[in-house]
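First up is the structure itself, then whatever we jot down about it.
The values are calculated or read from the model by the stated rules, or taken from the named source; none is laboratory data. Fair warning: this is a prediction, and the values are worked out from it, not measured in the lab. Cβ placement follows ideal geometry from the backbone for every residue including glycine, while neighbour counts extend to all protein chains displayed. SASA here: full protein model, heavy atoms, side chains in, ligands and nucleic acids out. Shrake-Rupley method; radii C 1.70, N 1.55, O 1.52, S 1.80 Å.
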Amino acid sequence: MCGIVGYIGNKNCVPILINGLKRLEYRGYDSAGIGIILNNHSEVIKNKGKVSLLEEKIEKMNLQAALGIGHTRWATHGVPNEINAHPHYNKSKNLFVIHNGIIENYQILKTGLEKFGYEFVSQTDSEVLPHLIDSFLVKGHSLFKSVQLALAEVEGTYGIAVIYQGEPDKIVVARKGSPLVVGIGEQENFVASDVSAILAHTKQIVYLEDGEVVEVCKDRFTAKTIMDKEIEKEIHEITMSLDEINKGGYPHFMLKEIMEQSSSVCNSMRGRLLLNEGTSKLGGLENVIDQLVNSKRIIISACGTSWHAGLVGEYMFEQFARIPTEVEYASEFRYRNPIVNKDDTIFFISQSGETADTLAALREAKIRGALVLGICNVVGSSIARESLSGVYTHAGPEIGVASTKAFTSQLVVLALITLLIARKKDMSLVDGKSIAEEMQKIPDKISAILKLNDQIEKIASEFKDVKNFLYLGRGYNFPVALEGALKLKEISYIHAEGYPAAEMKHGPIALIDENMPVVFIAPKDSTYEKIISNIQEIKARKGRIIAIASESDDNIDKLVDYSIKIPDTIRMLMPILTVIPLQLLAYHIAVKKGLNVDQPRNLAKSVTVE
Ligand code: G6P
């Protein structure tokens with residue numbers, strides 16, 4: 001979740017590093033730093049807090065260098081402060097290392113290095129790296145070899161970039177479990193943990209795989225494994241534009257991404273929905289379709305919002321594909337010796353494709369021989385590459401830490417997969433067609449819901465100062481209740497819980513009084529009457545109610561304090577619609593509280609540590 005950027009070429013690297021770090025801030029942002037080398041001079045500048053503070057500090061120094069690396073940190077070991085910020089360095093301060101990930105055996109390595117006189121100044125695990133590399137450099141090895149030898153001793157995960165005054169013509173980078181790319185330019189090259197950091201300069205990208213070490217000079221790069229085996233690397237052309245990454249006129253990325261959902265779900269469906277055949281076409285699943293359709297069981301594993309999408313997927317798969325489905329947090333799955341059979345299919349859902357727990361669970365599932373499929377948004381991400389096959393969500397880059405458009409696109413992809421399996425099993429053409437037709441209407445219905453933005457903003461004003469919120473829904477909308485509560489927690493810091501509506505009477509009802517707002521997801525479906533009874537139970541205890549209801553529902557207004565009326569669709573697709581008012585509600589409450597919605601405290605977009 002920390003960010004890495006590096007430059008080698010003929011230009012001054014300082015503004016390139018600072019701009020790259022700004023683009024990476026969304027990944028982690030409690031401190032930042034750069035290390036630069038120019039001829040016989042090297043300099044490291046670090047600062048607690050935002051990149052803009054680091055920039056102010058650097059501006060006064062008038063630094064010029066053609067080689068440098070930069071880092072934004074999200075603390076794992078050691079508090080966020082200047083000393084713990086990266087780059088870390090050796091005693092002579094002429095070797096700089098930035099590191100994403102966690103060195104699990106750092107205590108052992110540190111104790112060993114201390115015996116040889118190495119002194120540590122920070123509380124981080126990362127600081128063992130410059131000293132360890134230094135211990136090989138002093139024995140006469142090259143920088144590249146020293147990095148290889150050092151990494152052979154390291155247990156844990158890393159994406160690293162290393163520069164050394166003794167070899168000022170290169171950056172050495174390596175990867176294990178933490179993403180890293182090399183950007184290829186003209187007489188200049190770049191390194192980054194995320195292409196967005198360097199996209200302003202190049203679209204030619206080389207993705208590192210786990211266990212690879214790359215020497216990046218200004219006019220060439222060479223890749224080897226840690227064990228020194230040579231590797232041929234392919235250069236990929238990135239199609240994503242910088243425009244796609246900026247805010248597009250909205251005050252926050254989160255609002256931009258909420259407002260994009262009509263087109264992002266359209267992109268997720270584009271070319272995949274076969275209306276006449278009442279099914280879908282998913283290129284990534286073609287070579288595994290028989291195995292998928294004949295699976296005895298489906299497991300969906302993910303974290304956070306992606307896990308909520310998985311819960312909706314469970315309802316879809318069981319109702320239409322008729323395959324028993326379980327959903328499990330990736331962090332639990334990986335550690336509990338799960339029963340996985342060869343005729344199981346396991347879907348790993350991840351926006352970033354880099355979430356450490358999801359990636360580890362995927363690797364565990366692969367070892368056990370199941371059909372491992374990915375549903376990812378970031379093309380070329382680790383989960384996408386390590387899955388046997390899969391489907392991209394194509395929601396476009398999601399920068400706001402709280403996931404919004406990635407979620408609705410995940411739901412669309414799950415619906416497409418459901419349709420594909422169900423039609424290969426026992427779903428009739430007529431039923432398949434009616435689902436496909438409903439799917440095609442979803443983007444317009446989303447546009448209609450987004451027009452309720454002003455109404456939702458007014459409701460948000462009424463509730464911005466409350467301390468607790470309850471979200472209730474049934475069936476397909478139970479996961480939406482969880483997701484609505486998560487959105488509010490993440491960005492407004494208001495305590496919120498999601499519950500299946502009928503479970504309310506087994507506990508949460510004790511919390512209800514005139515101060516407790518309850519959000520009901522109550523579209524007119526087969527559980528509508530039951531939800532109305534739950535609404536009355538809350539009303540009888542003076543709870544304040546916001547209902548997400550069907551356009552056609554005139555009855556509900558007299559029962560609730562606020563109603564947000566949305567278009568209807570079939571039950572399996574309803575979560576794609578009902579979640580949108582909840583995203584907007586959370587967004588406006590957080591903005592009215594003056595909070596940083598795109599970068600909420602303590603959270604990171606991509607959690608690449610356990
Ligand atoms: C972090 C993000 C969440 C996201 C979760 C899973 O916690 O803040 O928004 O849902 O990770 O991320 P993934 O990229 O795997 O979907």
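Measuring max minus min along each principal axis, the C-alpha atoms of the chain give extents of 79, 53, 43 Å (largest first). Mind running the shape call on segment 101-155? Use the C-alpha gyration tensor, a ≥ b ≥ c as the square roots of the eigenvalues: rounded below 1.5 for a/c, prolate if a/b tops b/c, oblate otherwise. Oblate, because a/c is 1.5 or more while a/b does not exceed b/c. In loop segments of segment 1-87 as defined by DSSP, there are no chymotrypsin sites (Phe, Trp or Tyr not before Pro) with at most 14 further C-beta atoms inside 10 Å of their C-beta.
With K and R counted +1 and D and E -1, the other residues having a Cβ less than 13 Å from that of HIS88 yield a net charge of 0. Listed by chain and number, the aspartates and glutamates placed with their C-alpha closer than 14 angstrom to that of LYS11 are ASP169, GLU186, GLU188, ASP219; residues fewer than eight positions away on the same chain are left out. In this structure GLU386 has an accessible area near 40 Å², from a 1.4 Å probe over the protein heavy atoms. If you take the square roots of the eigenvalues of the alpha-carbon gyration tensor of segment 256-446 and sort them as a ≥ b ≥ c, do you get rounded (a/c under 1.5), prolate (a/b over b/c) or oblate? The shape class here is oblate. Dividing the helix sum by the residues of the chain, where each DSSP H run of 4 or more adds -39500 (n - 2.57), gives a mean residue ellipticity at 222 nm of -10500 deg cm²/dmol. Please go through the residue pairs LYS296/LYS366; LYS256/LYS524; LYS542/LYS592; LYS530/LYS558 and name each one whose alpha carbons sit more than 19 Å apart in this structure. Violating the 19 Å limit, Cα to Cα: LYS256/LYS524; LYS542/LYS592. Per residue, the accessible area of the chain comes to 38 Å², computed with a 1.4 Å probe over protein heavy atoms only.
The mean sequence separation of alpha-carbon pairs under 8 Å and at least six residues apart, normalised by the residue count of the chain, gives a relative contact order of 12 percent. Contact order for segment 256-446, expressed relative to its length and based on alpha carbon pairs under 8 Å spaced 6+ residues apart, stands at 31 percent. Legend: residues LEU603, LEU63, LEU362, sorted from most to least accessible area (1.4 Å probe; ligands, DNA and RNA excluded), read LEU603, LEU63, LEU362. Counting only alpha carbon atoms, the long axis of helix 528-540 and the longest principal axis of the chain meet at about 80°.
Other residues within the sphere of radius under 11 Å centred on the Cβ of GLY68, judged by their own Cβ, net out at 0 (K and R +1, D and E -1).
Annotation: HIS77 carries an accessible surface of approximately 50 Å², with a 1.4 Å probe and no ligand, DNA or RNA atoms counted. On the chain, 50 percent of the accessible area sits on carbon and sulfur atoms, based on a 1.4 Å probe. If you take the square roots of the eigenvalues of the alpha-carbon gyration tensor of segment 3-246 and sort them as a ≥ b ≥ c, do you get rounded (a/c under 1.5), prolate (a/b over b/c) or oblate? Rounded, since a/c falls under 1.5. Of ASP194, ASP290, ASP125, the residue with the largest accessible area leads and the full order is ASP290, ASP194, ASP125 (1.4 Å probe). Measuring only protein heavy atoms, the 1.4 Å probe finds TYR106 accessible over about 40 Å². Between helix 429-450 and the chain, what is the angle of the helix's C-alpha long axis to the longest principal axis, kept within 0 to 90° and rounded to the nearest 10? Helix 429-450 sits at roughly 70 degrees to that axis.
Of the residues HIS252, HIS236, HIS131, the one with the largest accessible area comes first in the ranking HIS236, HIS252, HIS131, computed with a 1.4 Å probe on protein heavy atoms. Excluding same-chain neighbours fewer than eight residues apart, the aspartates and glutamates reachable from LYS467 by a Cα-Cα span under 17 Å are GLU490, GLU497, ASP513, GLU514.
Look at the dipole of the chain built from charges on Cβ: of GLY140, LEU452, THR418, the Cα furthest out on the positive end belongs to LEU452. Using the Stokes-Einstein relation with a Kirkwood hydrodynamic radius computed over Cα pairs, the translational diffusion coefficient of segment 452-592 at 25 °C and a viscosity of 0.890 mPa s comes to 169 µm²/s.
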